[in-house]
Amino acid sequence: MSDSIKLNYQINDEDFTRAGEASGDVKKRLRQMGCSPEVIRKVAIAMYEGEINMVIHADGGEINVEITPEDITMVLKDKGPGIPDIEKAMQAGYSTAPDNVRALGFGAGMGLPNMKKYSDEMHIDTVIGEGTTVTMKVYQ
Amino acid sequence: MRNHKAIITKERCIDCGECIRICQNHAKLPSYDPLEVINDYDYTVALPAPSLYGQFNNLDDVNIVLTALKRMGFDDVYEVGASAEVVSQLSRDYIKKHREQWPLISTACPSVVRLIRVKFPNLIEHLLPIDPPVEIAAKEARKRAVEKTGLPEDKIGIVFISPCPSKVTSVKAPLGMEKSNIDAVCAIKDVYLKLLPLMKQIDDPEDLAMAGKIGVGWGVSGGEAGGLITDNYLAADGIENVNKILEDLEDQKFGNLEFIELNACNGGCVGGVLTVENPYVAKVKMNRLKKYMPVALKRIESGDAIKPENAMWTREIEYEPVFALGEGMKDNIHKMNMVAEIEKRLPGLDCGACGAPTCLALAEDIVKGEAKELDCIHLLREYVHRLSGEISKLDPM
Ligand SMILES: Nc1ncnc2c1ncn2[C@@H]1O[C@H](COP(=O)(O)OP(=O)(O)OP(=O)(O)O)[C@@H](O)[C@H]1O
Ligand SMILES: [Mg+2]
């Protein structure tokens, strides 16, 4: 048996009520694994932001998580519109979220900056019209 | 469930009382002291919780209840609600001075504190580090009793009249302090039966009340937060709701709240399993009773045992990781993968017939060596079918 745990989540589009379920489940597993509270918190916050972005900006997608004694890797892959200017999107406060989403309290433009802040490595691959893949790593 | 008996995994139990509430066969009973404990002391003081007042119909003077407690056999009474007003006073001050800890989470409900201790280590720093009202009341009551009687402290019995068994655990294993100041915990429901006839006989009650609206309000969800005189708070009750709020709080889903009041029981302390009245009815009764009370009666005074400094926690709450399946990261990963393998073979119906609450819980118990796969009746049935199939093949007929 391998020294890692692999988890896969399908994220539905536009289902706000279920957004956060995947990161909630990962949190539960990390507790069972005996990860440090700090690591659990970093993963939960970074992944929740990413999960919400997939729902709001990209009609859902797929998340793969791999947990090893060394680190936690989260790969969030969507087939959404892509991000035209990553540098701009990464700026705190930048958001293209529509009004109906802002009414729910999202759209502060803090998601990507938080993901950067709470992960130890982050990489964004994006192709306009094809989709975005965000890879984040948190060290144990 | 093991061997037809309901078993609780002690390390994970936070004394929320759900098991007692839910089981119609009374498989789980709360533990508390019998009323006879008052015979163990030379002088006893009753500390009635505010939720006691919500149990009676048409009560418009708490002095009737307090006088009846004395006729029941207690030498004196000290309302926990009075000390709740002191805690409100201290909390207002603490919250104002500790913005960096916002939102502060109330610590009056021991089950909530225990839940945070085992499951939400990141939130420990948000706990309001002030002793709960009942502990402060116990200190004051003992001081007053010593002054009145001249007896040594150990001849005096401080008896909490409690809505919940979680406080019993807190007396044995206190949170945030070395040793509890309470000697015994009796159930509201036991006291209630004795009080009813006595209350009927009282025409001229003694003036014993020490708490106002704020103190009495603590018995109901939202009451503690109400005592802080701010709008910037959230109050949630019921263990499921509390759990959800804490999950969200840990993921930073709330903005700039000052205070979060959480009660494990529905409706707050009036929903405790040692009460008699339905929590929502009790709430109405408490609100009615509170209406004509002064806002607050008790503040810290110079002669009090409690000073702002000695009402604070003296011991830190430490994270108790109870969810790990094995020892160390590698072993845990290995065991979690085993759990996932076993879970795949289980039917996923969460029927509970095996004794575990869910298929996942059974899988975990199997990995921990506390159960086996054929405890699942669905797998057992398949197994029996397969066996009988093989036997019939052997059958020469
Ligand atoms: N998966 C994605 N697909 C397409 N565009 C995205 C994706 N994730 C982020 N973006 C773009 O980047 C912008 C900034 O994202 P960020 O998460 O920082 O803010 P937000 O989602 O708009 O608001 P907040 O996260 O604070 O609620 C978004 O408004 C959106 O235009
Ligand atoms: Mg976002």
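The values are calculated or read from the model by the stated rules, or taken from the named source; none is laboratory data. No experiment lies behind these values; they were computed from the predicted model shown. When we count neighbours, we look across all protein chains shown, and the Cβ atoms used for this are built from the backbone with ideal geometry, even at glycine. For accessibility, only protein heavy atoms count, side chains too; no ligands or nucleic acids. Shrake-Rupley method; radii C 1.70, N 1.55, O 1.52, S 1.80 Å.
Descriptive notes on the structure:
- Residues that are modelled with pLDDT under 95, under 30 Å from B:Gly352 (Cβ atoms) and open to solvent by 30 Å² or more (accessible area, probe 1.4 Å) do occur in segment B:32-44.
- Members of segment B:196-245 found to be open to solvent by 30 Å² or more (accessible area, probe 1.4 Å) and aromatic (Phe, Trp, Tyr), listed by number: B:Tyr233
- Meets criteria (basic (Lys, Arg), surrounded by fewer than 22 Cβ atoms within 10 Å (Cβ to Cβ) and in contact (Cβ under 8 Å) with a residue 12 or more places away in the chain) for B:Lys143: yes
- Of all residues in segment A:52-86, those that are more than 7 Å from ligand 1 (Cβ to nearest atom), out of contact with any strand residue (DSSP E or B) (no Cβ under 6 Å at 6 or more places or on another chain) and in contact (Cβ under 8 Å) with a residue 24 or more places away in the chain total 6.
- Those residues of segment A:87-103 which are more than 9 Å from ligand 1 (Cβ to nearest atom) and either buried (at least 17 other Cβ atoms within 10 Å of the Cβ) or not small (Gly, Ala, Ser) (or both), in sequence order: A:Glu87, A:Pro98, A:Asp99, A:Asn100
- Counted residues, segment A:16-50 - those being more than 19 Å from B:Ile245 (Cα to Cα) and within 16 Å of ligand 2 (Cβ to nearest atom): 1
- Some residue of segment A:63-79 being hydroxyl-bearing (Ser, Thr, Tyr), within 15 Å of ligand 2 (Cβ to nearest atom) and under 19 Å from A:Ala46 (Cα atoms): no
- Close contacts from segment A:11-35, counting a first residue that is in a loop (DSSP other than H, G, I, E, B) and a second that is of a type in the set (D, E, K, R), with Cβ to Cβ under 6 Å and a gap of 6+ residues or different chains, come to A:Asp13/A:Asp59; A:Ala19/A:Glu51.
- Screening segment A:51-67 for residues that are touching a helix residue (DSSP H, G or I) at 6+ places or on another chain (Cβ under 8 Å), under 19 Å from A:Leu30 (Cβ atoms) and in a strand (DSSP E or B) and picking the one that is nearest to the other protein chains (Cβ to nearest Cβ) gives A:Ile67.
Yes/no matrix, rows are residues, columns are (1) within 13 Å of another protein chain (Cβ to nearest Cβ); (2) open to solvent by less than 70 Å² (accessible area, probe 1.4 Å); (3) among the charged types (D, E, K, R); (4) touching a Gly at 6+ places or on another chain (Cβ under 7 Å):
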residue: B:Val276; (1), (2), (3), (4): no, no, no, no
residue: B:Met293; (1), (2), (3), (4): no, yes, no, yes
residue: B:Ser302; (1), (2), (3), (4): no, no, no, no
residue: B:Gly326; (1), (2), (3), (4): yes, yes, no, no
residue: B:Arg345; (1), (2), (3), (4): no, no, yes, no
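- Taking every residue in segment A:88-108 that is within 21 Å of B:Phe254 (Cβ to Cβ) and pairing it with any residue that is open to solvent by 100 Å² or more (accessible area, probe 1.4 Å) and away from ligand 2 (no atom under 11 Å from the Cβ), at least 6 positions away or on another chain, yields no pair with a Cβ-Cβ distance below 6 Å.
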